[in-house]
Amino acid sequence: MNSLDENEGDNNKSKVLTMNKRIAVITGASSGMGQEFVRQLDICTRYMDEVWVIARREERLLELKKEMTHFDVRVIPLDICNNTDLDKLSELLAEEMPDVRLLVNAAGVGKAGRFVELSHWEIGNMINVNCKALLEMTHRVLPYMKRNSRIIQVASASAFMPQKEFSVYAASKALVLSFSRALRAEIRDMGISLTVVCPGPIKTEFLEISNGGQEQKPLKKLVTVSVEPVVAKALRDAKAGKELSIYGIPMQMVYVASKILPHGLFLK
Ligand SMILES: NC(=O)c1ccc[n+]([C@@H]2O[C@H](COP(=O)([O-])OP(=O)(O)OC[C@H]3O[C@@H](n4cnc5c(N)ncnc54)[C@H](OP(=O)(O)O)[C@@H]3O)[C@@H](O)[C@H]2O)c1
């Protein structure tokens, strides 16, 4: 099992000196990957005082809180696309001045289909949740991060190349990947590491919603994995300071193929 406890040794000392709570902030914690990040942190970390879990469905967050045994969970029900909600989070950060050891931006939405058939709202929502909210969350939380802290941005293997009938989603994740790689270079000298997670299809609510309840295509079904190993690898890769976390041989092959083959080939 992963351990993010490498700073545990100076934990007590720094707590006494600063009295700032060591926390993790996790978006998308009401479901799928975000929820799994919280669960695996409860198993693998002993130095976090509190984990702040963010999503709109409060009841789900409260259920998750009950499961945790090694840290306190602060339930923060908010819509990350709503500026008033985000301002409340900023106020909370300013009040508590926590030492954010880990930020996981896992919230995300996707809707497959031909561009002309998507609604304005679906297009806007993908850009707002996947791009705007992720940038804003990162920007608001980063000032509370110190040396040896980590950011995990959940992108997607869709970020590697344009994708027909998933065009907006793939483009939104390409933004996450591009932005995050640049930010990683900017914050390296602050001692903060950043890992971009680029999974292929995972069995979560996301798949059902993105397909509009329709049966998955056979090839996609074949490479669909469960959430636990994807998150375990992401935590391992973040601890190792890796730039990218790509779970499974099929998605690693997609990554390599996207580097050497013309993207037009895939679009056909
Ligand atoms: N599952 C896959 O096949 C797959 C593959 C590659 C990448 N990804 C990426 O992995 C990440 C996690 O996806 P998942 O599979 O765990 O999906 P999921 O189970 O559908 O979870 C999505 C999470 O995002 C939160 N969310 C959505 N809109 C929000 C908003 N406006 N405000 C606050 N929270 C919001 C949801 O919470 P509430 O609804 O409670 O607000 C939920 O917790 C996403 O970024 C997704 O793009 C998923």
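The values are calculated or read from the model by the stated rules, or taken from the named source; none is laboratory data. Given the structure is predicted, the values throughout are model-derived calculations rather than measurements. Ideal geometry is used to build each Cβ from the backbone, glycine not excepted, and the neighbour counts take in all protein chains shown.
Do you know which residues across segment 190-236 are without any contact (Cβ under 8 Å) to a residue 60 or more places away in the chain, more than 22 Å from Val109 (Cβ to Cβ) and touching a Phe, Trp or Tyr at 6+ places or on another chain (Cβ under 9 Å)? Within segment 190-236, Pro229, Lys233 meet the criteria. Number of residues in segment 132-165 that are of a type in the set (Ser, Thr, Tyr) and more than 11 Å from the ligand (Cβ to nearest atom): the value is 3. Name the one entry in Ile187, Ile209, Ile246, Ile192 that is modelled with pLDDT under 95 and either surrounded by 20 or more Cβ atoms within 10 Å (Cβ to Cβ) or of a type outside the set (Phe, Trp, Tyr) (or both). On inspection, the qualifying residue turns out to be Ile209.
On the stretch given as segment 166-210, residues that are over 25 Å from Ala232 (Cβ atoms), more than 15 Å from the ligand (Cβ to nearest atom) and not in a helix (DSSP H, G or I) total 0. Inside segment 235-260, residues that are in a helix (DSSP H, G or I) and in contact with a Pro (Cβ under 8 Å, 6 or more places away or on another chain) make up a count of 1. Being farther than 30 Å from Arg60 by Cα and touching a helix residue (DSSP H, G or I) at 6+ places or on another chain (Cβ under 7 Å) is a property that holds for Ser258.
On inspection, Phe179 passes the criterion of being surrounded by fewer than 22 Cβ atoms within 10 Å (Cβ to Cβ), under 26 Å from Leu41 (Cα atoms) and not hydroxyl-bearing (Ser, Thr, Tyr).
The residues of segment 138-165 that are touching a strand residue (DSSP E or B) at 6+ places or on another chain (Cβ under 7 Å) and outside any helix (DSSP H, G or I), listed by number, are Met145, Lys146, Ser149, Arg150, Ile151, Ile152, Gln153, Val154, Ala155.
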